[in-house]
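**Student:** Could you have a look at this structure, given as structure tokens, before my questions?
The values are calculated or read from the model by the stated rules, or taken from the named source; none is laboratory data. Being a predicted model, the structure only gives us computed values, none of them experimental. Neighbour counts run over all protein chains shown; Cβ positions are idealised from the backbone, glycine included. Calculation scope for accessible area: heavy atoms of the full protein, side chains included, ligands and nucleic acids excluded. Shrake-Rupley method; radii C 1.70, N 1.55, O 1.52, S 1.80 Å.
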Amino acid sequence: TTSAWVRTGVTLAGNNLQLRRLRVKGFGSRIAGREPGGMNGHNAGMGNLYNFHIEDCEVVAPQKLNQYYPLMIGYEGGGEDLDGNPYYMINVVIRNNYVNGLMYNGNVPINPFTNSFYERGTHGICLGATENSLIEDNLIEHVLSGYYNDTYDLNDVLVRNNHFRDVI
């Protein structure tokens with residue numbers, strides 16, 4: 001069926017959103033150019049977004065045969081106002097989450113030591129264009145990049161007490 005070809009965990013955009021105690025498993029895309037992630041979203045260039053929290057969640061086990069490395073947790077602002085100032089996601093909190101990018105083939109985990117580079121998620125946590133944000137007490141393992149931010153993220157983002165294991 002086509003449902004196995006493109007799977008998205010959770011996609012959100014808006015103000016005052018919270019994800020708590022949620023488990024996302026088996027996401028990804030077997031179609032090149034389609035990039036659904038475990039938990040992702042953006043502001044769609046519609047202005048600043050405020051108060052977004054992800055706490056006590058698990059994002060694990062992207063499906064095998066992805067045509068790209070699936071993004072585990074990724075949220076970003078984006079777009080610009082008429083004066084060229086970027087829009088941000090403001091007051092983002094990503095705390096006490098477990099992220100494991102080890103891929104699965106159905107219910108069978110892929111051995112990361114047989115094909116360690118390709119059989120894993122891309123970014124454990126990826127934030128773009130955030131301001132006044134906190135990334136704290138997360139366990140990230142089996143991904144290519146543990147934490148990624150872009151040039152707009154130089155605005156009061158605190159990253160502390162995270163643990164990265166088997167991160168390329």
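**Student:** For the chain, what does the accessible surface come to per residue with a 1.4 Å probe? Please give it in Å². Intermediate values should be presented prior to the final figure.
**Tutor:** Numbers: 8570 Å² over 168 residues.
Ligands and nucleic acids excluded, the result is 51 Å² per residue.
**Student:** List every residue whose amide H lies under 5 Å from the amide H of Gly146, counting only residues 5 or more places away in sequence or on a different chain, with H placed 1.01 Å from N in the peptide plane.
**Tutor:** Gly124
**Student:** Specify which residue in the list Ala129, Val92, Ile31 is farthest towards the positive end of the charge dipole of the chain, using unit charges on the beta carbon of Lys, Arg (+1) and Asp, Glu (-1), about the Cα centre.
**Tutor:** Ile31
**Student:** What FRET efficiency would be calculated for the residue pair Asp137, Asp83, taking the C-beta separation as r and a Förster radius of 25 Å, to the nearest 0.05? Before the final figure, lay out each step's value.
**Tutor:** Numbers: r = 37 Å, r/R0 = 1.50.
After rounding to 0.05, the efficiency reads 0.10.
**Student:** Name the most mobile residue of Ile54, Ile135, Ile31, meaning the one with the largest mean-square fluctuation, in a Gaussian network model of the chain with Cα contacts below 10 Å.
**Tutor:** Ile31
**Student:** Average the reciprocal distances over every distinct pair of alpha-carbons in region 45-87, invert the result, and give the Kirkwood radius in Å. Kindly include the intermediate steps, with their values, before the conclusion.
**Tutor:** Working: mean 1/r = 0.0736 Å⁻¹.
When all Cα pairs of region 45-87 are included, the Kirkwood radius is 13.6 Å.
**Student:** Give the Kirkwood hydrodynamic radius (Å, one decimal) of the chain, defined as one over the mean of 1/r across all pairs of different Cα atoms. Intermediate results must be reported in sequence, preceding the final value.
**Tutor:** Working: mean 1/r = 0.0626 Å⁻¹.
Computed over the chain, the radius equals 16.0 Å.
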